[in-house]
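**Student:** Have a look at this one before I ask anything.
We did not get these values from a lab; they are worked out from the coordinates using the rules stated. Because the structure is predicted, anything quoted here is derived from the model rather than measured. Because the Cβ atoms are built from the backbone with ideal geometry, glycine has one as well, and the counts that use them run over all protein chains shown.
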Amino acid sequence: MLEILSNRTYRHLFAAQLVALTGTGLATVALGLLAFSIAGESAGLVLGTALTIKMIAYVTVAPVAAAIAEHLDRRRMLVVLDLVRAAAAVCLPFVTEIWQIYVLIFLLQSASAGFTPAFQATIPDVLTKEKDYTRALSLSRLAMDMESLVSPILAAALLTLVSFNSLFLGTSLGFVASALLVVSVVLPSPKPAKPRGIYDRTTKGLRIYLKTPRLRGLLALNWVISAVGSMVIVNTVVIVRGDLGLSENAVAMILAAFGGGSMLAALGLPRVIEAISDRTVVLFGAGLSILALFVTALFPITATTICVGWFFTGLGYSAVLTPSGRLLARSAHPEDRPAVFAAQFALSHGCWLVFYPTAGAMMTWYGASTSMIFLSIAGLAGLITAGRLWPADSRLPVAHDHSDLPADHPHLQGGIPHSHPIIIDDLHPHYPR
């Protein structure tokens, strides 16, 4: 897996992702503690609202940012957005009112909504071989799991020396370091095949995504992982600090159990995906995360129970997320990838927009066990839908004709009708039945 780091451009991009995620991990712990310090037992509701605002920014800003980015230098855009995120993060220690949390979260996450899809779409342009890209996805997932595992441990260590507000400074420094690493390399910026209006550019990724059967299945799986993941992200601090009465360090350590499960899956997936189809892997992962959350609800709530439940939930969670980039890259031409990645970013976070406030409200009104059962049932509905929407043979060539094209069109050199795997584009505006 590590041999892909010999590519200098990817090595710098991966390092940028790693330092930014470490900073984000510190902010995740600090934000939960900040909410608890201001709102006490209602912290779950406050954090759920803050994360809902984050999702609104993601859903609304990402497609527009992707459309604007077609005419911008990609490297310059990424650096500016990193600096905006750093500025927002450095303001969080001075928050004294709940509404101030909401404003800064919206600013920070609006910048992330522009940054993340453009960054993700750059990787398959840098690593053009699918085998290398698959390894990069696993390494990227591993980096994200480092946020869940190492960042909480680092946060726990830092909290013995400084207050939680100081963790936001680490977040800001992470974004600045990311900007410096991005500016140190030259990035490819594929241009669209032809000029398009702003509406067409804004909606093109969504149209490609929703017309591709396997991506519709992926959207249903995003529903699953947002249902189970929202329980972990929103309510861990309330369970540990409120229900169990444990320390701030315990919050970080229990979140690390979730990251540990996710990391284990990321390490094993490259070999698994070579032997088993993406569809089988992600459906299994989704089922495992649902089962882990449901079974956890059946046992008394203790630190051990939550650690074990969160570990297996993280294992399934990563098994769904890690192969997602392969599916997106496989389902779009290079010039359309930023738009499709932005569509995935917006639509998947639309699912989180549903479940973040739901998880916070359920925890506040009904407690941990009922919340877990409700969210696991909601996840099961998504898993059943994904199995129905995603054809098992989606990678195979599809026989079709083009009645709208002249017989001498270059695309028809293979004959009429002809057969190839379908990617939604101007020549294939709909998936053949």
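**Student:** Let me know the shape class of segment 276-370, please: from the alpha-carbon gyration tensor, a ≥ b ≥ c as square roots of the eigenvalues, rounded when a/c is under 1.5, otherwise prolate if a/b is greater than b/c, or oblate. Spell out each step's value before the answer.
**Tutor:** Details: a/c = 3.73, a/b = 1.74, b/c = 2.14.
Because a/c hits 1.5 or more and a/b fails to exceed b/c, segment 276-370 counts as oblate.
**Student:** Along segment 323-339, what does the Karplus equation 6.51 cos²θ - 1.76 cosθ + 1.60 (θ = phi - 60°) give for ³J(HN,Hα), rounded to whole Hz, x for Gly and Pro?
**Tutor:** x, 4, x, 4, 5, 5, 5, 6, 9, 8, 6, x, 6, 9, 4, x, 5
**Student:** Tell me whether segment 58-125 comes out rounded, prolate or oblate; compute the Cα gyration tensor, take square roots of the eigenvalues as a ≥ b ≥ c, and use a/c under 1.5 as the rounded threshold.
**Tutor:** Cα axes put segment 58-125 in the prolate bin.
**Student:** A further question on this structure: Which order results if His349, His12 are arranged by neighbouring Cβ count within 10 Å, fewest first? Each step should come with its number before you reach the end.
**Tutor:** Values: His349 24, His12 18.
In increasing order of surrounding Cβ atoms, one gets His12, His349.
**Student:** Mind ordering 207-214, 382-389, 268-275 by average Cβ neighbours within 10 Å, highest first?
**Tutor:** Values: 207-214: 19.2, 382-389: 17.1, 268-275: 15.2.
Averaged packing, sorted descending, gives the order 207-214, 382-389, 268-275.
**Student:** Could you give the nm distance between label points at Ile377 and Ala361, where each point is 7 Å from its Cα heading toward the beta carbon?
**Tutor:** Result: 1.6 nm between the two label points.
**Student:** Turning to a different aspect of this structure: Sorted by packing (mean other beta-carbon atoms within 10 Å per residue), highest first, where do 88-99, 233-244, 290-301, 316-327 land?
**Tutor:** Details: 88-99: 15.8, 233-244: 23.0, 290-301: 17.9, 316-327: 25.6.
Sorting 88-99, 233-244, 290-301, 316-327 by mean packing, highest first, produces 316-327, 233-244, 290-301, 88-99.
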